[in-house]
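The structure appears right after this line, and notes come after that.
Here, each number is a calculation from the coordinates, and none is a lab measurement. As the structure is a computational prediction, the values presented were derived from the model and not from experiment. Glycine gets a Cβ as well: all are built from the backbone with ideal geometry, and neighbour counts include every protein chain shown.
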Amino acid sequence: MIDTHRQAMAEAVVTKAAQQVPLTGSDSELKYDGSLVTYWDKAIEETVAQELKELDPGTHLVGEESHGSRDDRIGWILDPIDGTANFSRGLQYFGISLAYYGEDGERAGAIWDASRRKLCTPNNVLASRSSVPLSLSFCATELDGPSEYKAWGVTAFKALSEAVHTTRVPGSVALGLAHVADGLLDLYAAPGPAIWDYAAGTLLVESTSHSVVRFEDFGLSSPTLIAGLPEIVEWFISAMAARH
């Protein structure tokens with residue numbers, strides 16, 4: 001169920017934040033977990049935190065850089081720049097992802113897609129074909145994170161490249177999901193994403209009539225996120241299970 005009031009809030013806050021972000025790259029540094037962070041990751045998170053404090057006082061914020069815990073599941077959930085590695089090098093394949101999860105199941109969310117200069121919301125997902133032959137499908141997986149995730153990603157890339165038309169490594173969970181929702185990808189998989197990576201994107205996918213979201217246990221330390229056309233998702237899960 002969409003919280004229409006907070007949906008409008010999410011769209012306004014993300015749109016304002018997107019206007020601040022340069023598209024020319026930024027110096028980065030390593031965080032404790034080996035991922036990258038830039039000045040703009042921190043700045044956007046603080047800007048959004050202040051905006052939400054004024055617009056929705058008393059509501060908890062979970063942000064990747066400094067607010068809350070990845071185990072929190074209620075309140076506002078923010079990834080200020082999803083795809084920081086791309087952003088830091090001036091590659092315009094990154095997004096700003098903001099979602100709301102309510103105690104009674106109500107949700108809201110928006111993603112700024114820098115690659116298309118588009119604000120992606122549950123209300124503007126693009127109509128798409130409901131099926132496509134596996135041999136003509138466009139799919140993506142990720143290769144980042146701890147060694148177990150990288151190894152899984154290599155296996156996934158191999159399984160996909162042997163069966164589908166095109167395989168990509170996008171480097172942004174939020175955009176991977178937004179592109180499934182808009183029919184640009186037929187399948188997207190990411191091992192062990194944090195909730196701020198996928199909170200808004202899964203809402204977009206679930207707002208469509210053509211794609212599904214699954215969390216699967218492949219023996220990694222965290223579940224793997226898989227989204228896409230149902231028949232391709234099922235094929236991929238079976239193909240990966242056979243390789244482990």
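For the reader, a short list of remarks on this structure follows.
- When both bridge partners sit in the chain, DSSP labels roughly 75% of those beta bridges antiparallel.
- Helix-only arithmetic for the chain: the sum of -39500 (n - 2.57) across DSSP H runs with n ≥ 4, divided by the residue total, places the mean residue ellipticity at 222 nm at -11000 deg cm²/dmol.
- Protection proxy ranking, highest mean first, for peptides 166-174, 213-221, 182-190, 5-13: 182-190, 166-174, 5-13, 213-221, where packing is the per-residue count of other beta-carbon atoms within 10 Å, averaged.
- Summarising the label geometry, the points placed 7 Å from Cα in the beta-carbon direction at LEU30 and SER221 lie 1.6 nm from one another.
- Lysine pair count for the chain (Cα-Cα distance under 16 Å; residues 8 or more apart in sequence or on different chains): 5.
- Packing rank of 45-51, 28-34, where each peptide gets the mean count of other beta carbons within 10 Å, highest leading: 45-51, 28-34
- ³J(HN,Hα) computed for each position of the range 144-157 - Karplus, 6.51 cos²θ - 1.76 cosθ + 1.60, integer Hz, glycine/proline x: 9, x, x, 4, 5, 6, 4, 5, 5, x, 5, 5, 5, 4
- Shape index of the range 29-155: Rg/Rh, with Rg the Cα radius of gyration and Rh the Kirkwood radius from the inverse mean 1/r over Cα pairs, equals 1.00.
- Note on the range 1-61: Rg/Rh from C-alpha atoms, Kirkwood Rh, equals 1.05.
- Under the Karplus curve 6.51 cos²θ - 1.76 cosθ + 1.60, θ = phi - 60°, whole-Hz ³J(HN,Hα) for the range 198-203, x wherever Gly or Pro sits: 10, 4, 7, x, 5, 4
- Total charge dipole magnitude, the range 92-227, about the Cα centre, Cβ charges on Lys, Arg, Asp, Glu only, Debye to nearest 20: 520 debye
- Structure-derived log10 I(q)/I(0) by the Debye sum over Cα atoms at q = 0.13, 0.15, 0.16 Å⁻¹ - corresponding label in (1) -0.75, -1.01, -1.14; (2) -1.06, -1.22, -1.28; (3) -0.90, -1.02, -1.08: (1)
- Reciprocal mean inverse distance between Cα atoms of the range 150-235 - Kirkwood radius, Å: 12.9 Å
- Cα gyration tensor category, rounded, prolate or oblate, for the range 71-122 with a/c compared to 1.5: oblate
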